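The values are calculated or read from the model by the stated rules, or taken from the named source; none is laboratory data. These numbers come from a predicted model, not from an experiment. Note that we place each Cβ from the backbone using ideal geometry, even for glycine, and neighbour counts take in every protein chain shown. For the accessible areas, the whole protein counts, side chains as well, though only heavy atoms, and no ligand, DNA or RNA atoms are used. Shrake-Rupley method; radii C 1.70, N 1.55, O 1.52, S 1.80 Å.
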Amino acid sequence: MTEHNPFAKNAPQRAQQLAEEAIKLLKQAKALQHQAQVDAARVQGYQQHSDGLAFQFLAACAEYGEHSPQAGKARERWLGARNAIKAQFPRT
């Protein structure tokens with residue numbers, strides 16, 4: 001005697017649904033992984049090219065005052081570096 005499986009006739013449809021869901025989840029995971037890599041590269045870029053300029057700006061503010069030409073130039077260099085990094089590693 002063979003048992004009748006009520007889910008057997010829906011198995012191909014269910015397999016197709018599961019495959020579509022798996023593909024969707026894989027695409028989402030890849031997008032999240034890509035964004036995490038971009039974020040990590042951005043942080044590294046800030047550390048290498050921007051953080052030191054931020055400290056120079058703060059030092060210029062402390063030594064010459066926030067509205068001094070020295071602080072203004074230091075601020076422009078710092079923000080310019082940050083903007084370049086943001087452009088190189090954009091968030092999606």
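Structural remarks
- Figure legend. Inter-residue proximity from the range 51-71: first residues under 18 Å from residue 84 (Cβ atoms) and modelled with pLDDT of 95 or more, second residues charged (D, E, K, R) and open to solvent by 30 Å² or more (accessible area, probe 1.4 Å), beta-carbon distance below 7 Å, spacing 6+ or different chains. Indicated pairs: 53/77; 57/75.
- Verdict on residue 54 being open to solvent by less than 60 Å² (accessible area, probe 1.4 Å) and either in contact with a Lys or Arg (Cβ under 7 Å, 6 or more places away or on another chain) or not hydroxyl-bearing (Ser, Thr, Tyr) (or both): yes
- Within the range 25-37, residues that are within 23 Å of residue 86 (Cα to Cα) sit with their Cβ atoms under 8 Å from residues that are open to solvent by 90 Å² or more (accessible area, probe 1.4 Å) and not hydroxyl-bearing (Ser, Thr, Tyr), at 6+ positions apart or across chains, in these pairs: 35/91.
- Residue list for the range 70-92, restricted to those being of a type outside the set (A, V, I, L, M), under 20 Å from residue 35 (Cβ atoms) and surrounded by 15 or more Cβ atoms within 10 Å (Cβ to Cβ): 82, 89
- Number of the condition not met by residue 23 [criteria: (1) open to solvent by 100 Å² or more (accessible area, probe 1.4 Å); (2) at pLDDT 95 or above]: (1)
- In this entry, residue 42 passes the filter for residues that are touching a Lys or Arg at 6+ places or on another chain (Cβ under 9 Å), surrounded by 12 or more Cβ atoms within 10 Å (Cβ to Cβ) and of a type in the set (D, E, K, R).
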